[in-house]
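Chemist: First, the structure itself, so that you have it in front of you.
All of the numbers you see were taken from the coordinates with simple rules; none came from a lab. Worth saying up front: this structure is predicted, and the values here are computed from it rather than measured. Here the Cβ positions follow ideal geometry from the backbone for every residue, glycine too, while neighbour counts run over all protein chains shown.
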Amino acid sequence: MRRFWTFLLAVAFIFAAFSAQAGVRFITDVPQNTVQGKLPSAYAKSKGKRDCQSAGYNKTSCSEDEYPVKRCPYDGRYYKACCDKEYSHSKSFCLSRGKKPSRRSCEGLYACE
């Protein structure tokens, strides 16, 4: 009988150990002392800004009837251009829908006519 209770106690400890590690984590729950939680330094931000601007990514916002195109790989706040909302398709998309791509494009995106 004593072996039975010892066995049950061991199983309870094992389940307690596993259940302590289980849980739901949300993206916003990242602790600040982990690699994912570290915010970039001011130097890294300014370097990203310089790299983006020197590569031609100068836009940070667009008007209401436009949307940002080609996000900068060094700093996601900068974009290559702002395109009219109608210019949002590839040539192949237009052709697959039986439509003709516009003559004019915006950063490789077309309006289907």
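Chemist: Run the Debye formula on the Cα coordinates of region 41-110, all scatterers equal and no solvent, and tell me log10 I(q)/I(0) at q = 0.18, 0.28 1/Å.
Modeler: Log-scaled intensity ratios, in q order: -0.71, -1.11.
Chemist: Which aspartates and glutamates have a Cα less than 17 Å from the Cα of K49, not counting those fewer than 8 places away in the same chain?
Modeler: Output for K49: D75.
Chemist: Further, regarding this structure: Count the net charge of all other residues whose Cβ sits under 13 Å from the Cβ of K100, scoring Lys and Arg as +1 and Asp and Glu as -1.
Modeler: Neighbourhood net charge equals +4.
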